[in-house]
Amino acid sequence: MGYKVVVVGATGNVGREMLNILAEREFPVDEIVALASRKSLGTEVSFGDKTLTTKDLDTFDFTGWDMALFAVGSEATKKYAPKAAATGCVVIDNSSLYRYDPDIPLIVPEVNPDAIEMYSNKNIIANPNCSTAQMVVALKPLHDRAKIKRVVVSTYQSVSGSGKDAIDELWNQTKGMYVPGQEVAPSVYPKQIAFNVIPHIDVFMDSGDTKEEWKMIAETKKIVDPSIKVTATCVRVPVFVGHSESINIEFEDFLDEDEAREILRTAPGILVVDKREDGGYVTPVECVGDFATFISRIRQDVTIENGLNLWCVSDNLRKGAALNAVQIAELLGRRVLKKG
């Protein structure tokens, strides 16, 4: 016996990826439905070798369905997620709406699986921000060994994190640079993204941090350990898919780079590719379509007493969004619902 699963926002980048991953990982599905807004009603989406026709989110009755994977914005989530949860359907939400609610678990299954028990507070589970998800997968096994005091992270985030319009903007701007008369002015982003980098993701806050930077700080504390100090600089780069991060970690105890490498090699969800030679590291192009979080460039930071540097790369549409949501669904099934 399997699960009755709803995918909300099935026509978007993340929603389509959720359907792909559910099929790829052979999630035990008895019945599945794809929901979309009325403007996308009737759009066909793929689920393995099947084709699903989207149904209307506005009129859908969640009664009797086991879980709903939400891949819509906060406004739509605010309207529909409580309705779904009230029927007994467990919501796994990819938006930022519920991440900071103390009664709602924020889960990366490799990091804090025991938090799944909190799901029953509101029948809602939150999926973390894409840039946080891949980072905490790398931090947790190191934190268990040497206890992290402080993290300094700089991100290099792909345009797919902003949605399809951003992908189109990078594509069209890049082409327009070479074709006179076809130049494309910035629309999704405040400045040109083609052949450029933009140190601005989400809105600015009073502190001077952007909301994306604040998310990484708050979510790392909630998922891993509230005592960890985090400072982040989040940058959008002209890459279609795949987020990269340069992470500097200060520990309470000394951790040798060789031991850190071995810890990460055996940690769940991680692949270490770390050769000190040309090409002996992973870049975004190579991580696309993969489930893993890749770690490279592991080395001692000799400027502080107990420091390490590392390079972290992952497919943001997968581990940063859809994959993590499906892994939460798998965890929910194993630990709580126990049907599949």
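The values are calculated or read from the model by the stated rules, or taken from the named source; none is laboratory data. Keep in mind that what you see is a predicted model, and the values were worked out from it rather than measured. For neighbour counting, all protein chains shown are included, and Cβ atoms are generated from backbone atoms with ideal geometry for every residue, glycine included. The accessibility values were calculated without ligands, DNA or RNA, using every heavy atom of the protein model including side chains. Shrake-Rupley method; radii C 1.70, N 1.55, O 1.52, S 1.80 Å.
Scan region 306-333 residue by residue and report those that are open to solvent by 10 Å² or more (accessible area, probe 1.4 Å), more than 29 Å from residue 8 (Cβ to Cβ) and not in a loop (DSSP other than H, G, I, E, B).
Selection gives 309, 311.
Considering region 165-212 alone, what residues qualify as being closer than 30 Å to residue 125 by Cα, outside any loop (DSSP other than H, G, I, E, B), in contact with a helix residue (DSSP H, G or I) (Cβ under 9 Å, 6 or more places away or on another chain) and open to solvent by less than 40 Å² (accessible area, probe 1.4 Å)?
Within region 165-212, 166, 212 qualify.
Just give me the residues in region 306-321 being among the hydrophobic types (A, V, I, L, M, F, W, C) and in contact with a strand residue (DSSP E or B) (Cβ under 8 Å, 6 or more places away or on another chain), in sequence order.
308, 310, 311, 312, 313
For region 248-305, how many residues meet the condition of being in contact (Cβ under 8 Å) with a residue 60 or more places away in the chain, open to solvent by less than 50 Å² (accessible area, probe 1.4 Å) and in contact with a strand residue (DSSP E or B) (Cβ under 8 Å, 6 or more places away or on another chain)?
Residues that pass the stated criteria total 12.
Collect the residues in region 95-115 that are over 16 Å from residue 81 (Cβ atoms) and of a type in the set (Ser, Thr, Tyr), keeping them in residue-number order.
Those that are over 16 Å from residue 81 (Cβ atoms) and of a type in the set (Ser, Thr, Tyr): none in region 95-115.
Starting from region 129-144, take each residue that is farther than 13 Å from residue 314 by Cβ and list its partners that are part of a helix (DSSP H, G or I) and open to solvent by 10 Å² or more (accessible area, probe 1.4 Å), counting only C-beta distances under 6 angstrom and pairs at least six apart or across chains.
From region 129-144, the pairs are 141/263.
So which residues in region 19-62 are in contact (Cβ under 8 Å) with a residue 40 or more places away in the chain, over 21 Å from residue 289 (Cα atoms) and crowded, with 20+ Cβ neighbours inside 10 Å, if there are any at all?
54, 57, 62
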